[in-house]
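The values are calculated or read from the model by the stated rules, or taken from the named source; none is laboratory data. This one's a predicted model, so the numbers in the text were calculated from it and none came from an experiment. Every residue, glycine as well, gets a Cβ built from its backbone with ideal geometry; the counts of neighbours run over all protein chains shown.
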Amino acid sequence: MSLEDKKETMIRALKWKYKRRYEAVHPIPYMREKHFSVNQVFIDTGVEVCLTETPHQGASIPWEPLESYKEIFGDRRMQAKRLVIEGEPGYGKSTLTMQLAYDWCNKIKDSPIHKVDILIILQLRQLSSQTSIPRAIKLYLLPRADITVKDIESILLRYHVKILLDGYDEYLEHDLGVGLRPVDMVIVGKHLKNIDVAITTRYQPKELAPGTKIVKLTGFDAKAREEYIRKGIDADDTKLKEIQTQLEDNVVLRDFCEVPLIFVMFAHVAEEKKYYFRDYNSVTGLFRFLVSCFHDHMRNKLTDANVNNLYRFENDHARLDYIAFSTLSEKGHQTKWEKKQLSEALTEELYNRYVQLGSFIEEEVVLDLDDSTSRITEVRFYHDIVCEWYAAHYLAFLASKPETKFTSTAGHHSPQEDLVSLNMLNPFNFQYVFRFACGLRPESGDKIIDYLRSIPGGEKFAILCSLEQNTKESLKTVRTLCSDTVSFSDKDSQLSQRSLALLLKIASTHKVPIECLSLEKCLTADEDGTSYLKGENRLPFLQVKKMKIEKSTQISVEDMERILAYARQSEIIKELVINSNRNPTNASVQKISLSGKHFQVRWSCPNGFYALDFAGKCWRVMGPSRKRKHDNTEEEVKEQQAKRSNESFCTIL
């Protein structure tokens, strides 16, 4: 058989394999009997790209939006041999790979994938740490095809091939410092360097090839949610409005439903008229209800004798809680188990029930041994957030014990110790564990929140966790927060910004005025006035009295007009202050729209202070520059005003 014939054999086998996957998508884990083709439920969610040179981890990244997932591989600016597709749990990374498989198998003409001779999609959780890519293709994708590993190596080198490695964060021993394994060698460009390779991951690998492009999935916005309601559940206008109203009325629910996985579950449950979500004011309450739906669905399928057992398993899952917490807190973050191992740890009866519920997914995998292979059944949680739900129960249990103390210093927990270290359970990686735990047991939440306040960058996240405990008290906290300056910075973590943005959404919903909003090098405004902070984090339209914006780069005409458009959303805006290391230009002022409310607009830069005169379409010099910190701008300008009492700042007409 010629290499061309082997290529055709390989393509037929891959298409058969992919079709079995993309035609068996289960939007609701407990409804295993209800499945869809990926093309029936896939929604083109938000995608952003970093077009600069590969940034190091922790660096502030300038993101630019892409119009569609198709641009990830079709946009000429994205041409690179290595691509990283980042996304938080539930943001649709694996669903995206299945949609690309659908495009390739069905030769969808407007998809750039249809031009590829061979598309390879490997789920990295299935690979052992020492399995090469060609061998993995043989073992996991082509086990019965009449093709050898050497044939695969030849095909990869000769034809136009694209490789997608799905789930790097689930890769066995990915963070144990064991050196570069075959998959890592591909990612850094030392193996298969002339082949296009993309990986999906929760976070970046420690090493990347030079020139690697970084893409981020940013979740469901309102448009994507509406599209899914119409497409995924085939809802009419009445049902669409019903579901949208529930989201509009509940800011916590709306924020939670930016996670596509959560929204999909919510939309399918909300489709049934008896389920309403307006009363759920915390993510804990909402997720508890979704989990109860798992059990309700199972109870409807069981006999009376088995229903009682299911009630018992619904309320007594301490063993599962401990296992979930242990897997997250261990350094390797175990994401899968052998079926026998997990069944024995949980008891066979409990294990079987949770498989039936959809909390666990069983997969048959091939073990790649030195000189042979064997097949076993491995088990994983339906999704990370399900694991975090049960881990939160154990964290809440620990915190409820009077003798338990939390510390951010390294340590270990044993029956002889009264000190529990959460050093290996990073709240910024597992936010829902901490939020759920605070909501499950409010008395435990106080101890957890005190711990969060003690760690660097944890103050804002601690406030977010407090929302899970008492809604009325939380609103008092929000009012107190908004009575002073609320600050965002490019140095804040994404979770910190997300936490504060959600608190401001709650303030906006309850019409709580904000004294001052400070945005330091982290604001990007859209044409419609929507403001972005970092990644998918968005600012709502706020009732703010004063805004302070610091930008180190040049502010374009479009940026200035969008910033003004955002400020005008507030009915109580009085003042906008811009701190920049660049001078304002009169030429740009002439192109700015003059419609809007009256409020002061000031510009501070090394060369002096300026006020915007919209009547004269120019910047008026208000004072000379002086060496100062940006934080003192307000006080200094007040001094200038006192000296120039006969002058008044200009207003926007």
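Looking at (1) at pLDDT 75 or above; (2) farther than 30 Å from VAL149 by Cα; (3) of a type outside the set (Phe, Trp, Tyr), which one does ALA410 not meet, given that it meets all the others?
It fails just one condition, (1).
Take the conditions closer than 21 Å to LEU261 by Cα and touching a residue at least 60 places away in the same chain (Cβ under 8 Å) and apply them to LYS81. Does it pass?
no
Kindly indicate the residue of segment 1-23 that is more than 30 Å from the chain's Cα centre (by Cα) and outside any helix (DSSP H, G or I) and also surrounded by the most Cβ atoms within 10 Å (Cβ to Cβ) among those meeting that condition.
MET1
Would you check which residues across segment 211-229 are surrounded by 14 or more Cβ atoms within 10 Å (Cβ to Cβ) and either without any contact (Cβ under 8 Å) to a residue 40 or more places away in the chain or of a type in the set (Phe, Trp, Tyr) (or both) and list them?
Correct list: PHE220, GLU226, TYR228, ILE229.
Taking into account only those residues within segment 455-503 that are polar (S, T, N, Q), assigned to a loop (DSSP other than H, G, I, E, B) and more than 21 Å from LEU425 (Cβ to Cβ), which is modelled with the lowest pLDDT?
The selected residue is ASN470.
All but one of (1) crowded, with 21+ Cβ neighbours inside 10 Å; (2) of a type in the set (Ser, Thr, Tyr); (3) modelled with pLDDT of 90 or more hold for THR131; which doesn't?
Of everything listed in (1) crowded, with 21+ Cβ neighbours inside 10 Å; (2) of a type in the set (Ser, Thr, Tyr); (3) modelled with pLDDT of 90 or more, THR131 misses just condition (3).
Hey, among the residues in segment 528-553 that are more than 21 Å from ARG602 (Cα to Cα) and of a type in the set (S, T, N, Q), which one's modelled with the highest pLDDT?
ASN537
Output the residue which, of all residues in segment 135-153 that are part of a helix (DSSP H, G or I) and touching a Lys or Arg at 6+ places or on another chain (Cβ under 8 Å), is surrounded by the most Cβ atoms within 10 Å (Cβ to Cβ).
ILE152
Being of a type in the set (S, T, N, Q) and within 15 Å of the chain's Cα centre (by Cα) is the requirement here; does THR200 meet it?
Judged against the criteria, THR200 is a match.
Taking LEU286 as the residue in question, decide whether it is of a type outside the set (Ser, Thr, Tyr), at pLDDT below 75, more than 17 Å from VAL41 (Cα to Cα) and not assigned by TED's automatic domain parsing to the domain that holds VAL41.
Here the answer is no, as LEU286 does not meet what is asked.
Residue-wise test of (1) within 16 Å of PHE436 (Cβ to Cβ); (2) modelled with pLDDT of 85 or more; (3) part of a loop (DSSP other than H, G, I, E, B).
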site: PHE313; (1), (2), (3): no, no, no
site: ARG319; (1), (2), (3): no, yes, no
site: TYR322; (1), (2), (3): yes, yes, no
site: LEU342; (1), (2), (3): no, yes, no
site: ARG353; (1), (2), (3): no, no, no
site: ILE376; (1), (2), (3): no, no, no
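Considering LYS162, LYS150, which residue is in contact with a helix residue (DSSP H, G or I) (Cβ under 9 Å, 6 or more places away or on another chain) and over 23 Å from PHE73 (Cβ atoms)?
LYS150
Residue under question is GLU520, and the condition is that it be surrounded by 14 or more Cβ atoms within 10 Å (Cβ to Cβ), of a type outside the set (A, V, I, L, M), more than 29 Å from the chain's Cα centre (by Cα) and at pLDDT 75 or above; does it hold?
no
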